[in-house]
Amino acid sequence: MNRTEDEGTAGGPHGGPGAGRSVNRAVDVLVVGAGPAGLAAAARLAAAGAGRVEVLEREPDAGGVPRHCARPGFGADARGRPLDGPGYARRAVREALRAGAVVRTGVSATGWAGPLALDVTSPAGLERIAARAVVLATGARERPRSARLVPGTRPAGVLTTGELQRTVALFGSRREHLGRRAVVVGGEPVARSAVRTLRSAGVEVAAVVTELPSAPTGFGAVPVLTGTVVTELLGRGRATGVAVRGRDGRASVLRCDTVVLTGDWIPDHELARARGLPLAPGTRGPVTDGAFRTAVPGVFAAGGLLHGGEPAPVAAAEGRAAADAVLGHLRRPGDPSRPAGTVPVTAAGPLRWVTPGLLGPEAAPLLVRPERRLVRPVLTVAQDGVRLRRERLRGTLVPWRSVRLGPDWTRGADPAGGPVTVGAEEWSSGGPGA
């Protein structure tokens, strides 16, 4: 099963004769992405005896985003000591390796060679790897300036949080890379990480700017301008400031030489799209059912690829849950990846997205995220005009955090019926809709 067979010189889109050696081989499970979800899935699979489990990571080091998050908040080690992001990443890699998984870094999956086979590029050359199951755990990234359509020139000093953290990891607090005064744009918790990184590097943070009417707390003395839009990036050569417009319509300029764009997550879904997997309208990640199965039998997806911005432990938990589904698939290879009778699950009203996007016979929780702050909302679940559940939540929903609804929320849904819709009604002193 795991033999390597040299089939000669590579050809096709990756190069002609002499471009490298093309190796065809097989594994039991191929995991693409060595972040929290991928490593957790690999550790669970290898420990459960799934056979040869191989993890591919295009970065030079495994561990995913936590590698660059030098702050506590990633749980604790075996002795109860707080873990920072790099510590969490090292532990995840160790657990996968100790379980028996193979973790390969600097390796990119470039395309599909069959239903469960991938073309892979590494410094050693080209490979074609077939598997009995594939787990896509490619994660998500922050939308860059070009995709946010922010007007202005293209000055140096405009970064995402991930780029900022990698820059600090590579170059430290050198002024030519980080500048002296920064503006952070975005209202998700990752903006706090950007502020902490900048301040630890000795960079003054002039302000945090967000279009949201409210933002997370924890920015200390840094001004937070809510309901404010960046209308232009200023500067030639190096950034000199950002033009903003407040909720009252007044325009002003914040002087800075560094701009950090945070949040606004987009999935790394290139492989999913290349395979023709349907994408969820809210998250743009592949549609899965409650067992993390995609529309293609044997292809599973988990973690940030499905919904970016979740904490690392959430992604890891999804990786382990996906691994359990993969084990079931390996035991019953003739079963379809998606059970018959699954129905779509959609978000409505002030809800941005809901996942999973398919409802199958297994009981599975739902994750929902709102477009805006909702105070004591009433959540509803309905199918074909029939209300399955309606309940007021005691807390507040915010657009930077998901809320988990237990499997009982979809109890009574007809597997042969129409789409299940999750909606929200705002609560006021006069009741919902008042």
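The values are calculated or read from the model by the stated rules, or taken from the named source; none is laboratory data. In this text the structure is predicted, and so the values were computed from the model without any measurement. Here Cβ is always computed from backbone atoms with ideal geometry, including for glycine, and neighbour counts include all displayed protein chains. SASA here: full protein model, heavy atoms, side chains in, ligands and nucleic acids out. Shrake-Rupley method; radii C 1.70, N 1.55, O 1.52, S 1.80 Å.
So here's what we get for this one:
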item	result
Any hit, the stretch 271-288, residues being within 20 Å of the chain's Cα centre (by Cα) and at positive phi	yes
Failed condition for Arg94, given (1) farther than 16 Å from Gln165 by Cα; (2) touching a residue at least 40 places away in the same chain (Cβ under 8 Å)	(2)
Matching residues, the stretch 280-294, being open to solvent by less than 40 Å² (accessible area, probe 1.4 Å) and either among the acidic types (Asp, Glu) or part of a loop (DSSP other than H, G, I, E, B) (or both)	Ala280, Gly282, Thr283, Gly285, Val287, Thr288, Asp289, Gly290, Ala291, Phe292, Thr294
Pairs, first farther than 23 Å from Pro213 by Cα and modelled with pLDDT of 90 or more in the stretch 371-397, second open to solvent by 90 Å² or more (accessible area, probe 1.4 Å) and part of a loop (DSSP other than H, G, I, E, B), C-beta under 9 Å, six or more apart	Leu388/Arg411; Arg389/Arg411
Number of positions in the stretch 363-382 that are open to solvent by 10 Å² or more (accessible area, probe 1.4 Å), out of contact with any Phe, Trp or Tyr (no Cβ under 7 Å at 6 or more places or on another chain) and not hydrophobic (A, V, I, L, M, F, W, C)	5
Within the stretch 208-235, considering residues that are in a strand (DSSP E or B) and out of contact with any Leu (no Cβ under 8 Å at 6 or more places or on another chain), the one most open to solvent (accessible area, probe 1.4 Å)	Glu232
Residue in the stretch 17-31 that is in contact with a helix residue (DSSP H, G or I) (Cβ under 7 Å, 6 or more places away or on another chain), modelled with pLDDT of 95 or more and surrounded by fewer than 17 Cβ atoms within 10 Å (Cβ to Cβ) present	no
Search result, residues across the stretch 75-91 that are free of Cβ contacts under 8 Å to residues at least 60 places away in the same chain, surrounded by fewer than 22 Cβ atoms within 10 Å (Cβ to Cβ) and of a type in the set (Gly, Ala, Ser)	Ala76, Ala78, Gly80, Gly87
Long-range neighbours under 7 Å by Cβ, at least six apart or interchain, first residue within 17 Å of Glu142 (Cα to Cα) within the stretch 187-200, second open to solvent by less than 10 Å² (accessible area, probe 1.4 Å) and in a helix (DSSP H, G or I)	Val190/Thr161; Ser193/Thr161; Ala194/Thr161; Ala194/Leu164; Thr197/Leu164
From Leu305, Leu261, Leu277, residue being within 14 Å of Val31 (Cβ to Cβ) and crowded, with 19+ Cβ neighbours inside 10 Å	Leu305
Conditions (1) in a strand (DSSP E or B); (2) at pLDDT 95 or above; (3) open to solvent by 70 Å² or more (accessible area, probe 1.4 Å); number of the one not met by Arg141	(2)
Any hit, the stretch 52-74, residues being more than 30 Å from Arg192 (Cβ to Cβ), open to solvent by 20 Å² or more (accessible area, probe 1.4 Å) and modelled with pLDDT of 80 or more	yes
Flag if Thr138 is in contact with a Ser or Thr (Cβ under 6 Å, 6 or more places away or on another chain), hydroxyl-bearing (Ser, Thr, Tyr) and within 26 Å of His269 (Cα to Cα)	no
Failed item, numbered, when Ala317 is tested on (1) over 30 Å from Val195 (Cα atoms); (2) open to solvent by 20 Å² or more (accessible area, probe 1.4 Å); (3) in a helix (DSSP H, G or I)	(1)
